[in-house]
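Engineer: Take a look at the following structure, please.
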Amino acid sequence: MRMALEALRVNRLRSALTMLGVIIGVSAVVILVAIGTGAKDAIEREIAGLGSNIILVVPGQLNFAAAPTQSRLDLGDVAYIRRVVGDPTRVTVSVQSGETIRVGRQEAFVTVVGTDQYVPNVFDRPLRRGRYLSETDVDTRRRVVILGSEVAARLYGDVDPIGRQATISGVRFRVIGVYETVGATFGVARDQEVHVPVTTAQRLIGVARINGIGIGASGPDEIEPLRERVVDALVQRYPGEKFSAVTQTQLLGTIGSVLGMLTGVLAAIAGISLLVGGVGVSNIMLVSVRERTKEIGLRKALGARQRDILGQFLIEAVLLTTIGGVLGILLGVGGSLLIQALSPVPASITLWSVALAFGVSAGVGVFFGVAPARRAGRLDPVVALRAE
Amino acid sequence: MTAFEAIGLTRSYQLEGVSVDALRGVDLTIGAGEFAAIIGPSGSGKSTLMHLLGCLDRPTSGILRVGGVDVATLDDGQLADLRNRTIGFVFQSFHLLARTTALDNVALPLVYRGVPRGERRNRARAALEAVGLEHRLDHRPSQMSGGEQQRVAIARALVGDPQVVLADEPTGNLDSRNGAEVMNLLRRLNGENGVAVLLVTHEREVAEQAHRQIHVRDGRIEHDTGGSVTLA
Ligand SMILES: Nc1ncnc2c1ncn2[C@@H]1O[C@H](COP(=O)(O)OP(=O)(O)OP(=O)(O)O)[C@@H](O)[C@H]1O
Ligand SMILES: [Mg+2]
């Protein structure tokens, strides 16, 4: 061990350059896995942030972040689904349109969402101030609005908006609530939405349709049967049409596997660079064996066995890669934290990637060190001593 | 008790398909505690013989017993052990590890014997004192004269208490004064410690300090001043 350290120290520059391959490989593994995992975590958090046990029903094929092109669902269908579900309070509705909202000279382009009083039963959408929509608001088509946190800040600044007026597409509304900040889901900036009664929204936009229905299952076990029941009921009502009902579990599953695969691919690419680093180690060890042939011959003459020599060179190789591995991990962790801090890319360092990278680098040392070390061990002492 | 016993020892090298016979049948017995010199012209096979006796090389044919044991029956580990415990080597070009201190160079054979570090250093220091280099313990080979380097090499050969020291032209790279000093050490080693010394040399006056001269020519022993005496 001392001897191995000494040997590495003697060829400091060469050892450092050889380690560099391992360092880059290991830090690449750690950073790329951290980014992949971080992205996955972030999206999973977004999905979980919607609420729990949610089923989203939309006509046609599901398309995130964009309103469906055509919808034949209307409020009658919502009532129908409410009967299918059995509990009307666990079903809410949405019709959306991009509109301009104005207060005095302040203007904002927002997504107007027409919905109803059951939003808090289905989605995780806490209020900061004021109240949710009420049954009366919906039934009497009141012109009341709940603002997303960003909209409120934009239009009113520090002023409490409750009870104040805002104009949406020329129609005057009264602010009854402000939502807490909830962040974005799939690029939908939910803090830039405003909620109005669905009936009011339909008149404002000039449509009779709705865009989607949100259902809150009573527990995780109910999600799948409820989803099937709802889709079956809709298909039965509109034979030949397509309806999508997605659950968070499905979303998590699909996105998780896609991102998992992505992380795997990234890790594999990084792994290849680690392998290349290993080939470098092998190469350097071969050079080192050739250079120190005489030393090997001498050691054998003084009583070193094959396995003493083999061990010496193997320890050197493993030391080279594990020191490189540790430095690579430090660099990788540092790099991940830096990326985390300086860019919007989320990075989450996982223990398994660090452990794997370290294990692999040590393994690379053994694997790529064995051939040169064996060659050293098998050197004929006379030939070795005569070498110049 | 014999240190070496060789019967019909041959060694040939294959060079691009041509066979070169470096040794053509050597019968030789070296007793314990003997002091013998091998002399002969260049290329006569002296070094080849030394390497065979020192178990650094295996004979093409013939039998070699070291300390009564037929070396053909030994595996790599046992041969290494034999080299480590029974034999001490001194080379013409010293063969010291360049970036290692005199003390650690001398202690090296003990590393392969599993001697603990503290004891290794004590024994190495004692060996260096025995060759008069107690003031050079932490010097590296490049910081020492050729004579000093060869004395370090002798200390390394005797640190493990061997039964024989094999020295291939130990004075070949030294001036006459340093050469004489090295010969003094080898003589003392033989006389005081009873270690058998077998050395190779070109120089008649060096060979004459030994008690027995073995003349080698063309891979054979041409003349041996003491062979019959020890065999008797
Ligand atoms: N590795 C080898 N391959 C081929 N031939 C060799 C090898 N080693 C030695 N020889 C040949 O064997 C013969 C004896 O060589 P050796 O080194 O034993 O001579 P020597 O008596 O020690 O000579 P010197 O006094 O010059 O050291 C020489 O002819 C040499 O060319
Ligand atoms: Mg020679």
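The values are calculated or read from the model by the stated rules, or taken from the named source; none is laboratory data. Note that the coordinates shown come from a computational prediction; the quantities given were computed from them, not determined experimentally. Here the Cβ is made from the backbone with ideal geometry for all residues, glycine too, and neighbour counts use every protein chain on show. We work out accessible area using only protein heavy atoms, side chains counted, and drop any ligands, DNA or RNA first. Shrake-Rupley method; radii C 1.70, N 1.55, O 1.52, S 1.80 Å.
Engineer: Does anyone have the angle between helix A:12-49 and the longest principal axis of chain A? Alpha-carbon axes, 0 to 90°, nearest 10?
Structural biologist: Around 20 degrees separate the two axes.
Engineer: Hey, which lysines would be in cross-link range of B:K46, C-alpha to C-alpha under 24 Å, not counting anything within fewer than 8 residues on its own chain?
Structural biologist: Reachable lysines: A:K294, A:K300.
Engineer: Beta carbons within 10 angstrom, averaged per residue: use that to sort the peptides B:203-211, A:377-385, highest first.
Structural biologist: A:377-385, B:203-211
Engineer: Also, I was wondering about something else. Share of antiparallel DSSP beta bridges in the protein assembly as shown, in percent to the nearest 5?
Structural biologist: Around 70 percent antiparallel, to the nearest 5.
Engineer: Additional query: Which residue fluctuates the most in chain A, going by a Gaussian network model with Cα springs under 10 Å, if the choices are A:Q340, A:Q106, A:Q250?
Structural biologist: For chain A, modelled as a Gaussian network with Cα springs under 10 Å, the answer is A:Q106.
Engineer: Divide by every residue of chain A the summed helix terms, -39500 (n - 2.57) for each DSSP H run of at least 4, and state the resulting mean residue ellipticity at 222 nm, rounded to the nearest 500 deg cm²/dmol.
Structural biologist: One gets -19500 deg cm²/dmol as the mean residue ellipticity at 222 nm.
Engineer: How large is the Kirkwood hydrodynamic radius of region A:94-193, counting all unique pairs of alpha carbons, in Å?
Structural biologist: Answer for region A:94-193: a Kirkwood hydrodynamic radius of 13.6 Å.
Engineer: Report the gain in length on full extension from A:L275 to A:F109: 0.36 nm times residue separation, minus Cα-Cα distance, nm rounded to one decimal.
Structural biologist: In short, 54.5 nm is gained.
Engineer: Let me check against my output: what whole-number percent is the relative contact order of chain A, with C-alpha pairs under 8 Å and at least 6 apart?
Structural biologist: Once normalised by length, the contact order is 30 percent.
Engineer: So what's the back-of-envelope 222 nm ellipticity for chain B, counting only DSSP H runs of four-plus at -39500 (n - 2.57) apiece and dividing by all residues, rounded to 500?
Structural biologist: -10500 deg cm²/dmol
Engineer: At 7 Å along Cα-to-Cβ for each site, give me the label-to-label distance between A:L5 and A:I162 in nm.
Structural biologist: Modelled inter-label distance: 6.8 nm.
Engineer: So, one more: Quote the FRET efficiency, to the nearest 0.05, computed for A:R45 versus B:T73 with a Förster distance R0 of 51 Å and r equal to the Cβ-Cβ distance.
Structural biologist: The value I calculate is 0.10.
Engineer: Shielding by partners for B:79-87, please: the mean number of other protein chain Cβ atoms within 10 Å of each residue's Cβ.
Structural biologist: Counting Cβ atoms of other protein chains within 10 Å of each residue's Cβ and averaging gives 4.
Engineer: To continue, here is another question. Sequence-distant or interchain residues sharing an amide H contact under 5 Å with A:F243, placed H: which?
Structural biologist: Under 5 Å from the amide H of A:F243 lie the amide H atoms of A:G60, each far enough along the sequence or on another chain.
Engineer: Further question: Over region B:2-224, what is the percentage of antiparallel beta bridges among all DSSP beta bridges, to the nearest 5?
Structural biologist: The antiparallel fraction comes to roughly 55 percent.
Engineer: Could I ask something else about it? Helix B:146-158 sits at what angle to the longest principal axis of chain B, using alpha carbons and giving 0 to 90 degrees rounded to 10?
Structural biologist: For B:146-158 against chain B, the angle is about 80 degrees.
Engineer: A further question on this structure: State the Kirkwood hydrodynamic radius of the protein assembly as shown in Å, one decimal place, computed from all pairs of distinct Cα atoms.
Structural biologist: 31.8 Å
Engineer: Springs between alpha-carbon atoms under 10 Å, Gaussian network over chain A: tell me which of A:D221, A:D191, A:D74 tops the mean-square fluctuations.
Structural biologist: The residue that fluctuates most here is A:D221.
Engineer: Quick check: Cα centre of region A:72-104 to Cα centre of region A:170-241, how many Å?
Structural biologist: 5 Å
Engineer: Cα centroid distance between region B:42-112 and region A:301-339, in Å?
Structural biologist: What the calculation gives is 32 Å, centre to centre.
Engineer: Let me ask you something else. Apply 1/(1 + (r/R0)^6) to the Cβ-Cβ distance of A:V345 and A:M261, taking R0 = 25 Å, and write down the FRET efficiency to the nearest 0.05.
Structural biologist: Efficiency, from the Cβ-Cβ distance: 0.85.
Engineer: Let me ask something else about it. Helix A:248-291 against the longest principal axis of chain A: what's the angle in degrees, Cα atoms only, rounded to the nearest 10?
Structural biologist: Computed tilt is about 20 degrees.
Engineer: Right, next: Which residues, if any, in region A:261-303 lose at least 10 square angstrom of accessible heavy-atom surface (probe 1.4 Å) when the other protein chains sit next to their chain rather than the chain being alone?
Structural biologist: A:K294, A:E295, A:L298, A:R299, A:K300, A:A301, A:L302, A:G303
Engineer: Mean separation of Cα pairs under 8 Å and 6+ residues apart, divided by the residue count of region B:2-224: what relative contact order is that in percent?
Structural biologist: Reported as a whole number, the value is 31 percent.
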